[in-house]
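Encoded as structure tokens, the structure appears first; notes follow it.
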Amino acid sequence: MLNRITNINEIIERGSLPRHIAIIMDGNGRWARKRLMPRTMGHRAGMGSLKEVVKACDELKISVLTVYAFSTENWKRPDSEVQFLMKLLVEFLHKELNELHENDVRIKIIGDYSVLNQECQDEIRRALATTCNNQGLLFNIALNYGARAEMVEAIKKIVDGVISGEISRDSICENTVASFLYTGGVPDPDLLIRTAGELRLSNFLLWQLAYTELWVTTRLWPDFTREDLFAAIRDYQQRDRRFGALTDLEKDDKSV
Ligand code: IPE
Ligand code: IPE
Ligand code: MG
């Protein structure tokens, strides 16, 4: 325990922390297969990692954590796996809500949860209502989320605004589009973590990740610990974020 707290302080002292961390929690199936277990056991084990990471982000005073829990493409999986994942989500919210609320965490869902079963929707609404005034970590759960679907919805809303006269065509800018996404008003992720080694975005936050620092590990999600999170943050702290510009040192270089 003492070692862990020291680690946290060490990270805070090393440099600026990401304000917003996004995670593609991948590799649950492979974790289970390695153990000759059904995939569902991998998903259950992954919940332990999620709890640990939320707690660590809270302790680090990270402003926003966004996790990819279920994509619009994950409906292509067998119905039994989809049902299990939904059940697991209900269970997670049910079991963790009190502790999250006590820690001042605000839960938000990004994605269309109106198509989920009634039990799921009820549990989500309860979690949202309970934590809506909390001021600590914003915990975004991407559920039935797809970045392309998100952008289509944003375009429809903007078109509606133009038709009704609330938005003028010429005033539409990048901020307008950003404000109509699920993440409207929230800073873009500074750091994206993907577990299980895949080098792709899988339709996650395509707009918001434009200038995010990427960090991929081969560690499977159920094996991911707070120490892995710290390793990602330490790596992030050494990155040179340019946003298309030059660093101060390069600007001073008169040889160009
Ligand atoms: C991530 O693990 C969880 C979800 C996508 C819901 P996977 O289930 O994709 O695990 P792998 O990629 O098959 O190992
Ligand atoms: C991305 O993982 C979605 C989530 C983690 C919820 P996938 O396992 O669905 O991604 P692909 O299919 O490997 O691209
Ligand atoms: Mg996967």
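The values are calculated or read from the model by the stated rules, or taken from the named source; none is laboratory data. From a predicted model like this one, the values you see are computed outputs, not experimental measurements. A quick note on method: Cβ atoms are made from the backbone with ideal geometry, for glycine too, and the neighbour counts reach across all protein chains shown. Each accessible area value is taken on the protein alone, full model and side chains, heavy atoms only, with ligands, DNA and RNA left out. Shrake-Rupley method; radii C 1.70, N 1.55, O 1.52, S 1.80 Å.
Taking N as the number of residues in segment 184-236, what is its alpha-carbon radius of gyration divided by 2.2 N^0.38 Å?
Cα Rg divided by the expected 2.2 N^0.38 Å: 1.17.
Normalized C-alpha radius of gyration of segment 82-191, against 2.2 N^0.38 Å?
That ratio works out to 1.24.
How much length would be gained if the chain were fully extended between residue 247 and residue 61, taking 0.36 nm per residue of separation minus their Cα-Cα distance, in nm to one decimal?
64.2 nm
I'd like the distance between the alpha-carbon centres of segment 101-129 and segment 6-52, rounded to an integer number of Å.
If we compute the Cα centre of each part, the gap is 21 Å.
Can you figure out the FRET efficiency of residue 210 with residue 162, using R₀ = 25 Å and their beta-carbon distance, to the nearest 0.05?
The pair residue 210/residue 162 has a calculated efficiency of 0.55.
Carbon and sulfur: what percent of segment 2-55's accessible surface (1.4 Å probe)? Present the calculation step by step, with values, prior to reporting the outcome.
Details: 1650 of 3000 Å².
Here carbon and sulfur together make up 55 percent of the probe-accessible area.
Contact order normalised by length for the chain, with contacts defined as Cα pairs under 8 Å and 6 or more residues apart; what percent is it? Mind dumping the intermediate values first?
Values: 355 pairs, mean separation 70.9, N = 256.
Computed over the chain, the figure is 28 percent.
Report, in listed order, any pair from 61/157; 76/156; 61/251 with a Cα-Cα distance greater than 28 Å. Intermediate results must be reported in sequence, preceding the final value.
Numbers: 61/157 33 Å; 76/156 25 Å; 61/251 33 Å.
From 61/157; 76/156; 61/251, over 28 Å: 61/157; 61/251.
Which whole number in µm²/s is D for the chain by Stokes-Einstein, with the Kirkwood Rh taken over Cα pairs at 37 °C and 0.692 mPa s?
Taking Rh from Cα pairs, D becomes 166 µm²/s.
Summarise the accessible area of segment 113-190 (1.4 Å probe, protein heavy atoms) by the percent that is carbon and sulfur.
52
Which peptide among 203-210, 105-112 comes first, and what is the full order, when sorted by highest mean count of other Cβ atoms within 10 Å?
Details: 203-210: 17.8, 105-112: 21.0.
Order by mean packing, descending: 105-112, 203-210.
Aspartates and glutamates near residue 254 by alpha-carbon distance under 16 Å, same-chain residues fewer than 8 away left out - which ones?
Hits, sequence-local ones excluded: zero.
Below 8 Å, C-alpha to C-alpha, sequence gap of six or more: please give me the relative contact order for segment 78-215 in percent. Present the calculation step by step, with values, prior to reporting the outcome.
Working: 131 pairs, mean separation 29.9, N = 138.
With pairs under 8 Å counted, the relative contact order is 22 percent.
Please enumerate, by chain and number, the lysines with C-alpha under 18 Å from the C-alpha of residue 55, excluding those fewer than 8 residues away in the same chain.
Here the lysines satisfying the reach criterion relative to residue 55 are 95, 108.
What is the Rg over Rh value, at two decimals, for segment 138-184, using alpha-carbon atoms and the Kirkwood definition of Rh?
Details: Rg = 11.9 Å, Rh = 11.5 Å.
Dividing the radius of gyration by the Kirkwood radius yields 1.03.
Defining a contact as two alpha carbons under 8 Å apart and six or more residues distant in sequence, what relative contact order in percent does segment 176-238 show?
Value for segment 176-238: 35 percent.
Hey, can you find the accessible area per residue of segment 113-165 for me, probe 1.4 Å, expressed in square angstrom?
Details: 2730 Å² over 53 residues.
The answer is 51 Å² per residue.
Please compute, over every Cα-Cα pair in segment 115-256, the percentage with a separation greater than 26 angstrom.
47
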